[in-house]
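The numbers here are math on the coordinates, done by the rules we state, and not lab data. Everything quoted here is computed from the prediction, not taken from an experiment. When we count neighbours, we look across all protein chains shown, and the Cβ atoms used for this are built from the backbone with ideal geometry, even at glycine.
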Amino acid sequence: MTLPKNSSPCHSYTKRRYIVFAIISVIALVLPFIRIDGNHLFLLNFDKSQLHLFFVKFDMQELYLMPFLFIILFLFVFFVTTLAGRIWCGWSCPQTIFRVIFRDLLQTKILKINKSVQNKQQTTKGQILKQISAIFIWAIICVLIASNFLWYFVPPEDFFAYLKDGSEHKILIGFLACIVLWLVYDVAILAENFCVYVCPYARVQSVMFDSDTIQVIYNEQRGGKIYDKGVKLYKKPPDPESQCTGCEACVRICPTHIDIRKGMQLECINCLECSDACAKVMAKFSLPSLIDWTSDNSQKTHRRVKFIRFRTVAYFVILIVAFVGLILMSGKKEHMLLNINRTSELYSVGRDGSVENSYVFLFQNTDNKEHEYYFDTNDTNLKIVRPNSPVRIKAGAKQKTIVTLRSLNLNQNFKNDMPISIMINAFAIDEQRKINVNRETIFVYPKKIRYNNEFKN
């Protein structure tokens with residue numbers, strides 16, 4: 001029997017979802033292993049206090065990029081939700097992917113615990129051995145999933161080294177075990193109840209919907225009225241023109257146990273398995289599915305979904321601006337960091353009448369290669385006493401250095417201790433133009449009376 005041109009092939013959405021799931025899984029697993037010059041695409045390394053973004057390494061002191069990342073994340077969620085509702089939940093969410101692996105693949109296809117993926121409402125009792133086997137296999141898979149998650153915080157090259165010496169990295173082992181236990185409980189026991197009762201996204205996304213938001217909608221005009229204000233009227237519409245057969249294939253296959261014919265519900269995750277189930281039944285009558293992935297306005301007016309509208313354009317423009325800002329800011333990475341702290345002694349006066357101030361310089365090489373660092377000041381009256389040679393620092397390392405500056409021309413007319421603002425310019429000897437920073441500090445001169453007393457002594 002030939003389907004009309006406007007009908008959807010059976011299981012088309014399900015197959016597309018599985019392809020998306022496979023792509024997401026491969027990307028998530030492979031991405032932590034891709035490095036350029038030792039840097040990852042994304043890595044938030046708390047162990048080494050580093051952020052890797054777009055294969056550029058930033059120190060934790062350069063976390064001015066994090067607000068951009070959070071802004072982009074939330075704007076993207078708003079944009080996608082306004083455009084296509086809970087498409088994230090059904091097509092990209094790890095919870096959904098994990099449930100498909102555990103319920104549809106392990107329990108149904110491999111171990112044959114469930115009779116069919118077409119009926120998710122029927123819970124198979126007994127078969128305890130198979131149930132335990134499914135949980136055991138899933139627990140093994142969870143070790144890989146948990147490890148994959150931690151690779152975005154502990155790079156794989158360090159992660160496996162730490163595991164070999166587990167006694168020295170008990171916190172990492174503890175985190176890994178906790179994530180595995182949670183995944184086993186979440187996917188095998190909590191199941192879709194997480195989506196229905198725990199996940200806050202369903203509550204947040206409902207306020208972002210409008211009449212043009214793409215949703216999973218039962219075509220009541222074709223199928224007939226089943227519910228009225230949430231109350232079920234019929235199993236099968238009595239109107240002979242209604243196309244709904246009352247088979248409830250859409251109800252049996254729903255992972256969150258809802259009847260889409262009731263209208264939009266927060267529990268719907270936009271997996272569209274109900275649409276595929278309906279398409280399979282309607283194909284026997286040469287009719288398209290009664291459950292569409294469309295907007296309310298599009299279904300009523302029989303026009304294309306209105307993607308370009310004020311809210312979607314506004315979110316998209318702001319998203320682009322934030323992304324451009326992130327790119328520009330990431331290009332301003334500092335290849336060295338310098339913190340200047342004064343010692344507890346304000347100054348010292350030498351026998352020749354000179355005044356010395358001491359500092360603690362904390363150099364940090366944030367570049368990917370070793371450099372020698374030195375500095376100068378903008379005050380020609382000051383001489384660098386120590387260090388008298390450049391400071392060599394390895395890539396990614398930090399080093400404290402005691403610095404002493406001496407005044408060559410002392411003004412003795414101060415009635416009080418006088419701090420003078422000075423500018424320190426630190427730089428890499430081999431790449432002075434590229435790697436240099438300016439830091440402001442003070443040089444303290446003693447007041448005249450104290451200077452005269454110390455000088456006489």
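Between amide H atoms placed 1.01 Å from N, distances below 5 Å from Tyr373 occur with Val391, Arg392, Ile393, Ile429, all of them 5 or more places distant or on a separate chain.
Per-residue 3J(HN,Hα) values for segment 433-445, derived from phi via the Karplus relation 6.51 cos²θ - 1.76 cosθ + 1.60 with θ = phi - 60°, read 5, 7, 10, 7, 9, 10, 10, 9, 8, 10, 10, 9, 9 Hz in sequence order (x marks Gly and Pro).
Charge tally for Gln215 (other residues, Cβ to Cβ under 11 Å; Lys, Arg +1; Asp, Glu -1): -3.
When the Cα positions of Thr81, Ser147, Leu44 are compared along the charge dipole of the chain, Thr81 comes out farthest toward the positive end, with charges on each C-beta of Lys, Arg, Asp and Glu. Which label marks the calculated value of volume of the Cα convex hull per residue in Å³, given the options (i) 220; (ii) 207; (iii) 146? Step by step, volume of the Cα convex hull per residue in Å³ for this structure corresponds to label (i).
Annotation: amide H-H contacts under 5 Å for Tyr227 (H modelled 1.01 Å from N, sequence separation of 5 or more, or interchain): Leu233. What the phi angles of segment 278-284 give under the Karplus curve with 6.51, -1.76 and 1.60, with θ = phi - 60°, is a coupling list of 5, 4, 5, 6, 5, 4, 5 Hz, glycine and proline written as x.
Given R0 = 60 Å, the distance between the Cβ atoms of Arg392 and Val317 translates into a calculated FRET efficiency of 0.80.
How much net charge surrounds Ala134 when only the other residues with a Cβ under 12 Å from the Cβ of Ala134 are counted, with Lys and Arg +1 and Asp and Glu -1? With Lys, Arg at +1 and Asp, Glu at -1, the neighbours total +3.
Close amide H partners of Asn114, meaning residues 5 or more places away or on another chain with modelled amide H under 5 Å apart, are Thr108.
Taking a ≥ b ≥ c as the square roots of the eigenvalues of the Cα gyration tensor of segment 112-222, is the shape rounded (a/c under 1.5), prolate (a/b larger than b/c) or oblate? It comes out oblate by the Cα gyration axes. Summary of the geometry: segment 74-113 and segment 271-338, compared by the centres of their Cα atoms, lie 16 Å apart. Take every Cα pair under 8 Å whose residues are at least 6 apart in sequence, average their separation, divide by the length of segment 234-363, and the relative contact order is 12 percent. Helical content of the chain, expressed as a calculated mean residue ellipticity at 222 nm, amounts to -10500 deg cm²/dmol (DSSP H runs of 4 or more residues, -39,500 (n - 2.57) each, divided by residue number, nearest 500). The value of relative contact order for the chain, using C-alpha pairs under 8 Å at least six residues apart, is 16 percent. Exposure proxy shown here: for Trp182, Trp88, Trp138, the number of other Cβ atoms within 10 Å sets the order, fewest to most, as Trp182, Trp88, Trp138.
Among residues other than Phe363 with Cβ under 9 Å from its Cβ, the summed charge is +2 (Lys and Arg +1, Asp and Glu -1).
Partners of Lys120 within straight-line reach, counting lysines whose Cα lies under 29 Å from its Cα and excluding those fewer than 8 residues away in the same chain: Lys15, Lys109, Lys112, Lys130, Lys225, Lys229, Lys232, Lys235, Lys236, Lys262, Lys280, Lys284.
Tell me, what is the percent relative contact order of segment 336-456, built from C-alpha pairs under 8 Å that lie six or more residues apart? It would help to have the intermediate numbers written out before the result.
On the way: 269 pairs, mean separation 35.5, N = 121.
Normalised by residue count, the contact order of segment 336-456 is 29 percent.
Of the trypsin sites (Lys or Arg not before Pro) found in segment 158-249, those in coil by DSSP whose Cβ has at most 13 other Cβ atoms within 10 Å are Lys229, Lys235. 3J(HN,Hα) along segment 35-40, derived from phi through the Karplus expression 6.51 cos²θ - 1.76 cosθ + 1.60 where θ = phi - 60°, amounts to 9, 10, 6, x, 10, 9 Hz, with x in place of Gly and Pro.
Exposed loop positions in the chain were taken to be GluC sites (Glu not before Pro) whose DSSP state is not H, G, I, E or B and which have at most 13 other beta-carbon atoms within 10 angstrom. Between these positions, the longest stretch is 1-240.
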